[in-house]
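**Student:** Below is a structure I'd like to ask you about.
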Amino acid sequence: MPRRKSSVVGREFGDAVREVIEQTGLTHRKLAEEVGWDEAKLSDMVRGKGGVSEIDVMQLLSYCRVRPPEIERLLALYRETRELGYLKLPDEPPDQLPTLLTQERLANAITVWSMNLVPGHLQTADYMQAVIDGEARKQAVDYDKVIAAKLERRKLFHWSRTFVFYIHEQALRLPVGGTEVMEDQYLHILAMAQRDYITVRVVPIAIGAHAGVSGSFLQLDYEKLEPVVFLEGKNSGLFLEDVKSLAIYASVLKVLDAQAMDPEQSRLLINSMLT
């Protein structure tokens, strides 16, 4: 039997089922016995590895007395597990997706390519607000809520995972929020780049066309899971996990690695923007 793989949507579905089980007060072993399953089957399900049919899902949720609307939601999520990619159309901005933050917490290496703006992980609160102002224009925005959600990603920074940020020079030179905001932003990037688990590399404008012209993305690598690429749209987030897509984006990063300035050259360029 081929080894089952855990996908992003599979893990989200499994987490939701785990919450359902916790509300019953039953252990996984006891619940498996009650519905006539092997415990390994239930374990694979909550770990996002599949191995269950739609009938199995309905049986389990019904036994756990899940209400019909929630059963429909979880069945819809289960059906997504059969797809190669996972498209989210959230009410909140894609970079605030709970699913994305969960996957970033699981990852042990995060690689970001940012073509137009300073990467979200490295943005200051003032820079974030200026970006929101530019996008929202006259729309009503709860700044405290949005910025708090964005700042949550700062908690990801820890020596247990590595970060590599490829940033196009035009993203650094785009005047967002005025001179003081940009100076604080540059200083913040320089300070973060001093951490030994964070690498910042700039792709210079002078090289012209580059490997990342198709747009920004991030790649998540895990210790025991398959890699994931995340693409952020205006009102959507797309997780890619198929072999072909992963190979394409890996090749983009390989070329960007050759085109980007080294960390010291990048630091000197950013530092020059302060004067």
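Read the figures in this text as sums done on the coordinates, not as results from a lab. Just so you know, these numbers come straight off a predicted model, no measurement behind them. Cβ coordinates were reconstructed from backbone atoms using ideal geometry, including for glycine residues, and neighbour counts include every protein chain displayed.
**Student:** How are the C-alpha pair distances of the range 8-83 spread across 5 Å bins, as whole percents from the shortest bin up?
**Tutor:** Once binned at 5 Å, the Cα pair distances of the range 8-83 give 3, 17, 32, 30, 15, 3, 0.
**Student:** Oh, and also: Extension gain Leu75-Asp133, at 0.36 nm per residue separation less the Cα-Cα distance, in nm?
**Tutor:** Contour length minus Cα-Cα distance gives 17.1 nm.
**Student:** Related question: For the chain, give the magnitude of the charge dipole about the Cα centre (Cβ charges: +1 Lys/Arg, -1 Asp/Glu; no others), in debye to the nearest 20.
**Tutor:** 420
**Student:** HN-Hα J couplings of the range 214-225 from phi, Karplus 6.51/-1.76/1.60, θ = phi - 60°, integer Hz, Gly and Pro as x?
**Tutor:** Once rounded to whole Hz, the list reads 6, x, 6, 6, 9, 10, 10, 10, 10, 6, 10, 10.
**Student:** What are the ³J(HN,Hα) values, in whole Hz, obtained from phi via the Karplus relation 6.51 cos²θ - 1.76 cosθ + 1.60 with θ = phi - 60°, for each residue of the range 185-192 in sequence order, with x given for Gly and Pro?
**Tutor:** Karplus values, whole Hz, x for Gly and Pro: 5, 4, 4, 5, 4, 4, 5, 5.
**Student:** Please compute the Cα-Cα pair-distance distribution of the chain with 5 Å bins starting at 0, giving whole percents from short to long.
**Tutor:** Spelled out bin by bin, the chain gives 1, 5, 11, 15, 15, 14, 12, 9, 7, 5, 4, 2, 0, 0 percent.
**Student:** Over 30 Å between Cα atoms, which of Lys49/Lys244; Lys145/Lys244; Lys30/Lys150; Lys41/Lys155; Lys88/Lys244 qualify?
**Tutor:** The pairs that break the limit, which is 30 Å between Cα atoms, are Lys145/Lys244; Lys30/Lys150; Lys41/Lys155.
**Student:** Count the net charge of all other residues whose Cβ sits under 11 Å from the Cβ of Thr27, scoring Lys and Arg as +1 and Asp and Glu as -1.
**Tutor:** Around Thr27, the surrounding residues sum to -2.
**Student:** From the residues Tyr186, Trp37, Phe165, which one has its Cα farthest along the dipole of the chain in the positive direction, the dipole being from +1 and -1 charges on Cβ of Lys/Arg and Asp/Glu about the Cα centre?
**Tutor:** Of the candidates, Trp37 comes out farthest on the positive side.
**Student:** Arrange Tyr249, Tyr63, Tyr186 by Cβ neighbour counts within 10 Å, fewest through most, would you?
**Tutor:** Tyr63, Tyr186, Tyr249
**Student:** Hey, another quick one. Using amide H atoms built 1.01 Å from N in the peptide plane, name the residues 5+ places from Phe217, or on other chains, whose amide H lies under 5 Å from its own.
**Tutor:** Trp113
**Student:** If you don't mind, another one. Under 5 Å between amide H atoms, partner at least 5 residues away or on a different chain: which partners does Ala109 have, H built in plane at 1.01 Å?
**Tutor:** Thr162, Asp221
**Student:** What do you get for the angle between helix 263-272 and the principal long axis of the chain? Use alpha-carbon atoms, 0 to 90 degrees, nearest ten.
**Tutor:** Helix 263-272 sits at roughly 50 degrees to that axis.
**Student:** Just rank Arg29, Arg47, fewest to most, by other beta-carbon atoms within 10 angstrom.
**Tutor:** Ascending number of Cβ neighbours within 10 Å: Arg29, Arg47.
**Student:** Which ³J(HN,Hα) values in Hz, rounded to whole numbers, follow from the phi angles of the range 26-40 under the Karplus curve 6.51 cos²θ - 1.76 cosθ + 1.60, where θ = phi - 60° and Gly and Pro get x?
**Tutor:** Here the 3J(HN,Hα) series is 8, 6, 4, 5, 5, 5, 4, 4, 5, 9, x, 9, 6, 4, 4 Hz.
**Student:** Quote the charge dipole size of the range 8-83 about the Cα centre in Debye, to the nearest 20; the model charges only the Cβ of Lys and Arg (+1) and of Asp and Glu (-1).
**Tutor:** Computed charge dipole of the range 8-83: roughly 60 debye.
**Student:** Under 5 Å between amide H atoms, partner at least 5 residues away or on a different chain: which partners does Thr199 have, H built in plane at 1.01 Å?
**Tutor:** Phe163, Val164, Phe165
**Student:** Related question: Return the whole-Å distance between the Cα centroid of the range 159-185 and the Cα centroid of the range 22-36.
**Tutor:** What the calculation gives is 49 Å, centre to centre.
**Student:** Quick check for me: using +1 on Lys/Arg Cβ and -1 on Asp/Glu Cβ, what's the dipole size of the range 27-132 about its Cα centre, in debye to the nearest 20?
**Tutor:** Using Cβ point charges on Lys, Arg, Asp and Glu, the range 27-132 gives about 200 debye.
**Student:** If a/c stays under 1.5 just call it rounded; otherwise compare a/b with b/c (prolate if a/b is bigger, oblate if not). Do that for the range 145-270, with a ≥ b ≥ c from the square roots of the Cα gyration tensor eigenvalues.
**Tutor:** Rounded, since a/c falls under 1.5.
**Student:** Determine which aspartates and glutamates satisfy two conditions relative to Lys5: a Cα distance under 14 Å, and not lying fewer than 8 residues away in the same chain.
**Tutor:** Asp44, Glu83, Glu223, Glu226, Glu241, Asp242
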